[in-house]
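Beneath this line is the structure, given in structure tokens, with notes to follow.
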Amino acid sequence: MLMSPAAVILLIGAQPERSPNFERGVLPARWTFENSDCAKAPPFLVHEYNATFIILRQSGCTHFEKPFLYLVYGANQALLFDTGASGADVSSTIDELLRWHSTRQKRPPLPVLVVHSHGHGDHTAGDEALSRRPGARVIDATPEALVQFFKIKNWPGENVEYDLGGRIVDIVPIPGHEPASIAIYDRLTGILLTGDTLYPGRLYVADARAFNASIDRLVDFTATREVAHVLGAHIENRRTPYLDYPRGTAFQPEEHALELGRAHLIELQDALRQMGSQLQRRSFRDFTVWPIVQ
């Protein structure tokens, strides 16, 4: 296992997949250390879900948002979903992970494609450092850049597929939290990555109409696909239902699990439909709908 000042891999608690057609993986029982000693905390905690799907969590000691990042290996290219918040440079950790993967595969390190769940700064702060890395291509977190790179003819109504080399991921535009929000579905693991659109925490909605339509599209998209896990970009809720940690909390020892499921998507869709065009702040067991007043 990889152990370094920059990265730690956790392997705690096996969790079976819901379909034998998926690559199996493991999720940890917790994403925090047992104490809040920042002197011993690496800037990024790194977890190997399986050999080709890596989950990174930025330490609250470096930024209170503590975002999750995802690194997915194909045969020809690696995909990095988000680059983290300010306070830590993820590029050295990504370099180390790519070198480790190349050693296991006995081949040169893969080039890396960098895309984002959306354009907010706690998901794009590492872009500049990564853009200087040989073999890296960073796609700006704007609808225009996404449309051009992925050849999306009808934003946001069209989903497209992208081949990493023997591994297809689906790109699903889901604006509403932010104009450039996208979800990524990895067909190999059945994992749906939803950024800040759905996660165990406060779902900030900037554009209610666009957000409602995006959730409808995600529900429709997943109706014909098996979903092993829905993984977002943060954890803000506690294990205790309906409760969250206040904004700015760096250490969350009793936090909610990261993984949600398709049932949460349907629950969110139902709640939005009940609210109609005028969204209200409302807490649910595992997340809170939180409209932003302009």
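Just so it is clear, none of the values below were taken in a lab; they were calculated from the coordinates. What you are looking at is a predicted structure, and each value in this text was computed from that prediction instead of being measured. Here the Cβ positions follow ideal geometry from the backbone for every residue, glycine too, while neighbour counts run over all protein chains shown.
Annotations
- Among PHE150, PHE81, PHE44, the ranking by other beta carbons within 10 Å of each residue's beta carbon, starting with the fewest, stands as PHE150, PHE44, PHE81.
- Within the chain, percent of DSSP bridges classed antiparallel, to nearest 5: 70 percent
- Stokes-Einstein D in µm²/s, Kirkwood radius over Cα pairs - the chain at 4 °C with 1.567 mPa s viscosity: 68 µm²/s
- The stretch 179-194-the stretch 217-284 distance, computed between alpha-carbon centres (Å): 15 Å
- The alpha carbon gyration tensor of the stretch 128-170 gives principal lengths a ≥ b ≥ c with a/c of 1.5 or higher and a/b no greater than b/c, which makes the shape oblate.
- Each of TYR185, TYR204 has some number of other Cβ atoms within 10 Å of its Cβ, and from fewest to most they run TYR204, TYR185.
- Counting other Cβ atoms within 10 Å as a rough exposure proxy, the listed residues LEU243, LEU79 run LEU243, LEU79 from fewest neighbours to most.
- Cut-off 14 Å between beta-carbons: net charge of the residues surrounding PHE64, Lys and Arg +1, Asp and Glu -1: -1
- Anisotropy class of the stretch 41-101 from Cα gyration tensor, a/c 1.5 cut: prolate
- Within-15-Å neighbourhood charge of ILE235 [Cβ basis; K, R +1; D, E -1]: -2
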